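Novice: Can you read through this structure? Questions will come right after.
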């Protein structure tokens with residue numbers, strides 16, 4: 001504590017700990033927490049799941065706002081903000097024992113001086129560490145204070161991903177610990193939470209501990225007979241163990257119970273929804289009109305056999321006596337949008353209104369402009385209007401008038417379509433695009449704008465049929481499993497990090513040919529996950545690696561919606577050459593000029609998600625390419641990623657993904673774009689999902705109303721859940 005570079009900071013209202021921190025720098029480099037007193041006291045009242053997060057001692061208004069950014073507003077949401085990973089600090093190795101491609105800790109000393117240089121707006125520090133058995137070349141970006149921390153000849157623990165480049169062992173951005181500090185962390189399974197700037201892992205951990213200690217726990221909603229058959233731990237035990245597990249096996253048992261709960265409760269609700277839908281008679285039975293047939297004949301391309309088969313199924317639904325509830329599932333580029341337009345054309349030809357809801361304003365605008373272009377080119381009876389949240393009050397008022405009067409027979413937009421002010425004259429058909437981004441309740445709210453409204457939902461997420469039958473329990477399924485014949489197959493390659501410089505030159509070449517590029521990073525900011533690239537830092541790195549005239553921009557989910565829309569619009573307008581992004585671009589923009597996608601740390605993603613990501617390229621006439629960077633260097637990761645080399649068929653890839661993802665993949669990047677489950681993953685937990693489906697079926701077959709004593713708590717819980725939660729669907 002006598003080191004002059006450190007100072008003691010006592011956080012306000014936190015008497016239980018003190019933190020030793022550097023005075024300068026963007027974040028603490030060493031962090032030591034010393035427990036001074038015993039259990040910290042909260043207010044002498046119990047709390048429940050609905051208690052606001054600010055009621056926790058030590059969480060003031062500023063900290064509460066940081067939690068709100070993570071959509072954690074109350075105690076229930078705090079406890080469901082599960083760790084995204086766990087950190088187990090193993091004993092440090094000597095340089096001769098380390099394995100390239102793996103996360104490891106090395107005990108070594110600084111050998112020589114630290115060289116620092118400026119590359120455009122990036123500060124790069126380089127030095128060498130040794131231990132007598134070998135040496136490692138260290139690199140740090142934008143961390144100039146490293147020079148002030150390390151002393152030549154002193155030993156430290158360096159923890160990070162080791163790589164081999166040009167015959168040399170290399171570590172980038174490794175965390176540095178003093179030996180005594182590292183010794184305290186060794187052998188303990190520590191939770192690592194999703195964070196946002198200003199919110200530390202320690203702050204979240206402390207809040208969770210207090211919530212667990214003072215929560216007024218309710219009885220377990222999962223029927224006791226299911227818990228006994230599967231030997232599940234109680235809900236309370238599972239929540240406590242997922243946050244602070246005694247060991248790895250306990251954590252797995254807790255995760256299994258919580259993932260089962262998510263699947264089971266969702267499927268109970270979904271099947272009740274299906275029962276309700278099956279009873280609904282169509283308020284708008286239609287007749288087939290000549291308009292749709294003329295459009296199909298006029299198109300400059302022929303519909304595939306899969307498109308024609310699906311169109312026949314849609315027509316049969318629309319002309320039937322019951323409401324349509326149909327999912328159209330197909331790869332990116334398989335031609336789902338034209339099927340949606342055909343259904344909407346049949347609707348307006350019958351004198352009714354249709355609506356199409358997209359997950360982003362950019363995608364809604366693209367659909368709107370595409371419909372206007374079709375209308376003008378083929379003289380179709382569409383009178384579309386656009387309705388999005390960013391429109392001015394005057395624009396919205398004018399749109400509402402058009403919708404209410406019926407002058408607008410198709411409404412295209414985002415969530416604004418389901419706002420109370422949006423009144424429809426005779427809404428007969430609702431289409432939701434990329435509908436995994438919407439909840440069942442949101443779909444119902446839109447369908448509820450009319451009486452007996454037909455619903456058609458579309459998804460580009462490839463899901464094996466065995467799982468789709470479970471997850472789409474309230475929908476009939478049509479699969480568009482063919483791509484148009486004129487599409488050039490994407491050329492793929494799976495490479496290690498040593499290929500990165502060559503990839504940069506290839507990117508530069510494609511940009512100079514007038515094309516655009518996507519670069520995908522798993523994380524938004526540094527420190528969110530150990531050993532993976534983040535979009536913010538990578539953007540700066542790429543700006544330094546590419547010529548100054550190449551425009552590089554960053555896009556991620558933590559940006560304000562208006563800023564995200566602006567970036568996507570600029571990219572669509574070709575004002576941005578290279579877009580560094582997280583998986584937020586899975587849905588949202590159609591840029592035929594984009595020909596290259598490079599995915600960093602591809603081994604961290606599910607294969608189905610990687611396939612959906614690469615669907616952002618290959619949309620134009622030029623040859624497109626996808627480069628998957630295997631950051632781990634492991635052979636099994638290369639073998640798994642090679643599946644993407646062998647096939648561009650999303651459904652085949654989804655099946656292979658289902659086979660290959662095992663217990664070791666618990667903490668990869670979540671399959672963004674699938675259900676908004678907090679902890680379950682339909683690929684990772686496919687067997688658990690099937691089990692939950694079987695139990696949901698058994699419970700409802702025996703007790704449809706959930707009125708038996710053994711199901712009373714479940715029934716009450718489901719009633720509250722249905723009234724308060726937006727159930728997500730694929």
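Novice: Can you tell me which of 65-72, 490-497 comes out highest on packing, and rank the rest after it, using the mean Cβ neighbours within 10 Å?
Specialist: Working: 65-72: 16.8, 490-497: 18.5.
The most tightly packed comes first, giving 490-497, 65-72.
Novice: Over all alpha-carbon pairs in region 158-260, figure out the percentage whose distance exceeds 22 Å.
Specialist: Details: 2749 of 5253 pairs.
Roughly 52 percent, once rounded to a whole number.
Novice: Fewest first, what order do 544, 637 take by the number of other Cβ atoms within 10 Å? Let's see the in-between values first.
Specialist: Numbers: 544 16, 637 20.
Lowest count first: 544, 637.
Novice: Treat the count of other C-beta atoms within 10 Å as a stand-in for reagent exposure and order 202, 415 from fewest to most. Walk me through the intermediate numbers first.
Specialist: On the way: 202 15, 415 19.
Fewest-to-most Cβ neighbours within 10 Å comes out as 202, 415.
Novice: With a Förster radius of 41 Å, plug the Cβ-Cβ distance of residue 512 and residue 377 into 1/(1 + (r/R0)^6) and report the FRET value to the nearest 0.05.
Specialist: Working: r = 34 Å, r/R0 = 0.83.
Computed FRET efficiency for residue 512 and residue 377: 0.75.
Novice: On to the next question. What's the FRET efficiency of residue 499 with residue 202 using the Cβ-Cβ distance as r and R₀ = 30 Å, to the nearest 0.05?
Specialist: On the way: r = 38 Å, r/R0 = 1.26.
With a Förster radius of 30 Å, E is 0.20.
Novice: Ok, one more. Once all Cα-Cα distances of region 488-580 are split into 5 Å bins that start at 0, what whole-number percent is in each one?
Specialist: P(r) over region 488-580, rounded to whole percents: 3, 12, 21, 24, 21, 13, 6, 0.
Novice: If one takes the longest principal axis of the Cα atoms in the chain, at what angle in degrees, from 0 to 90 and to the nearest 10, does the Cα axis of helix 561-572 lie?
Specialist: Result, in degrees: 80.
Novice: While we're looking at this one, here's another question. At 7 Å along Cα-to-Cβ for each site, give me the label-to-label distance between residue 145 and residue 642 in nm.
Specialist: Taking the two extended label points, one gets 4.6 nm.
Novice: Please work out how much length the chain gains when fully extended from residue 707 to residue 476, using 0.36 nm per residue of separation minus the C-alpha to C-alpha distance, in nm with one decimal.
Specialist: Numbers: separation 231, 0.36 × 231 = 83.16 nm, distance 2.89 nm.
Extending this stretch completely gives an extra 80.3 nm.
Novice: Let me make sure I get this right: for region 95-185, a, b and c are the square roots of the gyration tensor eigenvalues over alpha carbons, sorted descending. Under 1.5 in a/c it's rounded, otherwise prolate if a/b > b/c, else oblate. Which is it?
Specialist: Details: a/c = 1.57, a/b = 1.22, b/c = 1.29.
It comes out oblate by the Cα gyration axes.
Novice: Now for a different question. Taking region 281-480, how much of its Cα-Cα pair set, in percent, is spaced more than 31 angstrom apart? Write out the running numbers ahead of the final one.
Specialist: Working: 2238 of 19900 pairs.
Counting pairs separated by more than 31 Å, the tail of P(r) holds 11 percent.
Novice: Rounded if a/c is under 1.5, else prolate if a/b beats b/c, else oblate: with a ≥ b ≥ c from the C-alpha gyration tensor eigenvalues square-rooted, which is region 491-647? Please report the intermediate quantities before stating the final value.
Specialist: Values: a/c = 1.39, a/b = 1.22, b/c = 1.15.
Taking the square roots of the gyration eigenvalues as a ≥ b ≥ c, region 491-647 is rounded.
Novice: Quick one: P(r) of the chain from all Cα-Cα pairs, 10 Å bins, percents rounded to integers, in order of increasing distance.
Specialist: Bins of 10 Å from zero give 2, 13, 22, 25, 21, 12, 5, 1, 0 percent of pairs.
Novice: Rank by packing, highest mean first: peptides 336-348, 124-136, 420-432, with packing defined as the count of other Cβ atoms within 10 Å averaged across residues. Present the calculation step by step, with values, prior to reporting the outcome.
Specialist: Numbers: 336-348: 23.2, 124-136: 17.0, 420-432: 20.8.
In descending order of packing, they fall as 336-348, 420-432, 124-136.
Novice: Using only the alpha carbons of region 301-411, what is the convex hull's orientation-averaged projected area in square nanometres? Before the final figure, lay out the partial values.
Specialist: Numbers: hull surface 31.5 nm².
That works out to 7.9 nm².
Novice: Using C-alpha positions alone, give me the convex hull volume of region 179-326 per residue in cubic angstrom.
Specialist: On the way: hull volume 43.4 nm³, N = 148.
In region 179-326, the Cα hull volume divided by residue count equals 294 Å³.
Novice: Mind checking Rg over Rh on region 47-120, alpha carbons, Kirkwood formula for Rh?
Specialist: On the way: Rg = 21.3 Å, Rh = 17.0 Å.
Using only Cα positions, Rg/Rh for region 47-120 is 1.26.
Novice: Tell me the angle of helix 686-702 to the major Cα principal axis of the chain, expressed in degrees between 0 and 90 and rounded to the nearest ten.
Specialist: Result, in degrees: 50.
Novice: Using only helices, what value at 222 nm comes out for the chain when you add -39,500 (n - 2.57) per DSSP H run of length 4 or more and divide by the total residues, to the nearest 500 deg cm²/dmol?
Specialist: Numbers: 23 runs with 266 residues, N = 730.
Per the formula, -11000 deg cm²/dmol.
Novice: While we're here: Sort 537, 90 so the one with the fewest other Cβ atoms within 10 Å of its own Cβ comes first.
Specialist: Neighbour counts put them in this order, fewest first: 90, 537.
Novice: Translational diffusion coefficient, Stokes-Einstein: compute it for region 452-536 using the Kirkwood radius over C-alpha pairs as Rh, at 37 °C and 0.692 mPa s, and state it as an integer in µm² s⁻¹. Walk me through the numbers before you get to the answer.
Specialist: Numbers: Rh = 17.9 Å.
It diffuses with D of about 183 µm²/s by this estimate.
Values in this text are rule-based calculations from the coordinates and carry no lab data. Worth saying up front: this structure is predicted, and the values here are computed from it rather than measured. All Cβ positions, even for glycine, are placed from backbone atoms using ideal geometry, and neighbour counts span all protein chains on display.
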